[in-house]
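Structure record follows, encoded as structure tokens.
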Amino acid sequence: MNKVGYYKRNSLPLEMHKVCIVQKTSILPVEDRVKAIRRAGFNSYRLESDECYLDMLTDSGVNAMSNEQLGAMMIGDDAYAGSVTYRKLSQKIKEIFNKDYFLPVHQGRACEHMLALAYVKPGKLVPMNFQFGTSIGKIRYCGGDYIICLQEEGFDKQSGNPFKGDFDLAKLERILQEERDRIAFVRIEAGTNLIGGQPIALDNMLAAAELCKKYGVLSVLDASLLQDNLHFIKTREEAYMDMSIREITRILSDAMDIIYFSARKLGFGRGGAIILNDEKEFEHIKTFVSSFEGFPTFGGMSVKEMEAIRVGLDDTMDENIIAQGPQFIEYLCNELEDAGIPVVTPPGGLGCHLDALKFVPHIPRNQYPAGALQSAVYIASGARGMERGSIDEPWDDPEVEPYGAMELVRLAVPRRVYTISQMNYLIDRICWLYDNRELIGGLKYDTEGPHQFYAPLNSISDWPEVLAAKFREDFGESL
Ligand code: F0G
């Protein structure tokens with residue numbers, strides 16, 4: 001895909017699929033978009049999906065399936081025990097990851113729940129390159145805590161560093177030395193969701209796993225976003241450019257004790273998987289899967305989804321297919337950056353991230369700049385993104401409102417779902433919004449905190465209506 005050249009025009013990302021089933025979508029007039037976001041409490045989680053022209057809230061469970069996946073769903077074997085579907089998916093996992101044991105669970109956070117139950121006790125510690133909400137939620141639920149070991153540059157929103165998700169290996173080793181007895185496992189997140197879907201280098205992951213071996217602790221890979229990360233290893237990491245995606249995956253997998261993933265992301269399906277080689281650890285985790293998820297051959301997943309994941313994992317090993325997401329994201333980021341719009345750089349996986357503190361610097365942090373910008377993007381385009389900032393931040397102390405490490409608007413790019421013309425439409429609307437950014441105002445809660453990330457907010461003034469009036473003035477009758 002990335003090797004296709006053009007004769008007369010600048011290169012464009014090119015889809016490596018043709019569409020065989022479609023879902024209808026439509027664009028509400030701007031006045032109705034204001035009503036919808038007001039009704040939704042300026043929180044994109046509360047919008048209905050048919051109010052969104054482009055649903056870019058997440059890439060989770062919304063990736064388009066192939067006709068081969070849909071076909072495979074029809075041959076799912078629903079046997080309670082001894083299911084052929086379980087055997088086939090186990091074989092596919094063995095083929096790709098070289099791991100003997102596989103436990104299915106209903107989604108990524110269920111993997112995290114099972115691993116926390118199995119290894120985290122009060123007082124235990126989980127070092128990780130960066131945190132993700134569901135991962136640390138389960139660790140804390142079991143009485144443990146986490147510690148972030150991201151390299152300093154990972155926190156820079158604009159950077160040329162191709163692997164911002166890398167561990168600060170010296171910090172990781174220091175923690176392994178000082179806290180050895182408290183460590184439940186080391187969690188390696190590839191790619192790194194909350195710093196903008198940024199990848200982690202294979203060499204860095206191998207070094208982290210090596211440190212785990214040296215200090216006798218388990219290495220646990222969160223491979224939920226591995227698909228994009230594999231593409232970045234192949235295209236950005238010199239030593240691995242000549243290797244196939246399968247070879248890269250195998251090197252990574254062989255270094256890890258346990259791998260888990262949300263199959264809502266990896267494998268183009270809906271589900272989750274824990275995979276490992278150690279029979280004793282497998283039996284240990286299995287007891288929790290039986291108690292909390294389901295019989296260990298389906299563990300809360302539908303066998304239809306398990307068949308779809310089996311086929312989807314093969315797609316994940318196809319360089320042409322996995323290049324599409326990152327190339328669309330790169331296109332979005334580059335076009336916006338060329339228009340002077342602040343985005344997280346370099347482009348990562350998962351989605352394009354707008355830097356709200358730079359986009360709307362006039363909105364103070366206690367008026368939720370990323371939340372306000374996410375609402376304004378919806379008003380301008382009908383696209384819903386996700387606030388990745390203070391609204392999303394959990395309240396550790398109910399008395400103190402936390403501010404996010406970053407104030408970002410994530411525009412996720414579900415894999416194989418949208419076309420380049422839809423991306424061009426979005427770029428155009430964000431450019432218009434940037435030129436009118438001084439019209440965007442802040443948000444507030446009408447109630448006292450602590451608030452959950454999906455709680456409704458209100459606009460501080462009638463700025464949404466003013467923004468829509470300006471849209472009408474500039475666009476006339478058009479949508
Ligand atoms: N790990 C990572 C890195 C994730 O990004 C997610 C989900 C999970 C684990 C949990 O997986 O949703 O199947 O339970 N990320 C979604 C997102 C929710 O929109 O970024 P899950």
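For residue 273, the residues whose amide H sits under 5 Å from its own are 105, 261, 263, ignoring neighbours fewer than 5 places away on the same chain, with H placed 1.01 Å from N. With each label modelled as a point 7 angstrom along the Cα→C-beta vector, the residue 32-residue 95 pair spans 4.6 nm.
Each residue of the stretch 13-25 is assigned a 3J(HN,Hα), and the resulting list reads x, 10, 5, 9, 7, 10, 7, 10, 9, 10, 10, 5, 9 Hz, derived from the Karplus form 6.51 cos²θ - 1.76 cosθ + 1.60 (θ = phi - 60°), x at Gly and Pro.
Convert 10 °C to kelvin, take the viscosity as 1.306 mPa s, use the Kirkwood radius over C-alpha pairs of the stretch 67-320 as Rh, and evaluate the Stokes-Einstein diffusion coefficient in µm²/s, rounded to a whole number. Roughly 87 µm²/s, to the nearest whole number.
Rounded to the nearest Hz, the phi-derived 3J(HN,Hα) couplings of the stretch 441-446 under the Karplus curve 6.51 cos²θ - 1.76 cosθ + 1.60 (θ = phi - 60°) are x, x, 10, 8, 8, 7, where x marks glycine and proline. Straight-line reach from residue 18: taking Cα to Cα under 19 Å and skipping same-chain neighbours fewer than 8 places apart, the lysines in range are 3. Rolling a 1.4 angstrom probe over the protein heavy atoms with all chains in place gives the stretch 67-320 an accessible area of 37 Å² per residue. Taking packing as the residue-averaged number of other Cβ atoms within 10 angstrom, the listed peptides 255-267, 179-191 run from highest to lowest as 255-267, 179-191. Apply the Debye scattering formula to the chain, with a single equal point scatterer on each alpha-carbon and no solvent, then give log10 I(q)/I(0) at q = 0.10, 0.12 Å⁻¹. The computed values of log10 I(q)/I(0) come out as -0.76, -1.09. Ranked by the mean number of other Cβ atoms within 10 Å of their residues, highest first, the peptides 166-173, 373-380 come out as 373-380, 166-173.
Taking 35 Å as R0, compute the FRET efficiency from the Cβ-Cβ separation of residue 465 and residue 24 and round it to 0.05. Walk me through the numbers before you get to the answer.
Numbers: r = 29 Å, r/R0 = 0.82.
E(calc), rounded to 0.05, equals 0.75.
Between beta-carbons, use under 12 Å as the cut-off and find the net charge around residue 174, counting Lys and Arg +1, Asp and Glu -1. So the surrounding residues net to -2. Pairs of Cα atoms in the stretch 73-147 fall into 5 Å distance bins, from 0 up to the last occupied one, in shares of 3, 14, 18, 16, 15, 13, 11, 7, 2, 0 percent.
Need one number: % antiparallel among DSSP beta bridges in the chain, to the nearest 5. Provide the component values of the computation, followed by the final result.
Details: 23 of 39 bridges.
Antiparallel bridges make up about 60 percent of those DSSP assigns within the chain.
Solvent-accessible surface of protein heavy atoms, probed at 1.4 angstrom with all chains present, puts 242, 278 in the order 242, 278, largest first. For the set 219, 244, 11, the ranking by accessible area, highest first and with no ligand, DNA or RNA atoms included, is 11, 244, 219 under a 1.4 Å probe.
Counting only heavy atoms of the protein chains and using a 1.4 Å probe, residue 215 has close to 40 Å² of accessible surface. With the helix formula -39500 (n - 2.57) applied to DSSP H stretches of n ≥ 4, the chain reaches a computed 222 nm mean residue ellipticity of -12500 deg cm²/dmol. The ratio of the alpha-carbon radius of gyration of the stretch 384-459 to the globular-protein estimate 2.2 N^0.38 Å is 1.38.
Accessible area per residue was computed with a 1.4 Å probe on protein heavy atoms; residue 472 scores about 60 Å².
Summarising the amide proton neighbourhood of residue 188: residues at separation of 5 or more, or on other chains, whose placed amide H is nearer than 5 Å comprise 220, 221, 222. The 3J(HN,Hα) values that the Karplus relation (6.51, -1.76, 1.60; θ = phi - 60°) gives for the stretch 55-65 are, in residue order, 8, 10, 5, 7, 9, 9, x, 10, 6, 6, 8 Hz. Gly and Pro appear as x.
Mind pulling the per residue volume of the convex hull built on the Cα atoms of the stretch 15-99? Å³ is fine. Before the final figure, lay out each step's value.
Working: hull volume 15.3 nm³, N = 85.
Per-residue hull volume (Cα only) is 180 Å³.
Relative to the current alpha-carbon distance between residue 396 and residue 11, full extension at 0.36 nm per residue lengthens the span by 133.9 nm. Within the straight-line cut-off of under 26 Å between alpha carbons, the lysines reachable from residue 99 are 88, 138, 213, 214, 234, 265, 280, 286, 304, sequence neighbours fewer than 8 places apart in one chain being disregarded.
Of all lysines in the structure, those lying under 22 Å Cα to Cα from residue 157, and not within fewer than 8 positions of it along the same chain, are 171, 358.
Amide H contacts for residue 146 (H built 1.01 Å from N in the peptide plane; partners 5 or more residues away or on another chain; cut-off under 5 Å): 126.
The values are calculated or read from the model by the stated rules, or taken from the named source; none is laboratory data. Note that this is a predicted model, so its numbers are computed, not measured. Counting neighbours? That spans all protein chains shown, and the Cβs are built from the backbone with ideal geometry, glycine included. For accessibility, only protein heavy atoms count, side chains too; no ligands or nucleic acids. Shrake-Rupley method; radii C 1.70, N 1.55, O 1.52, S 1.80 Å.
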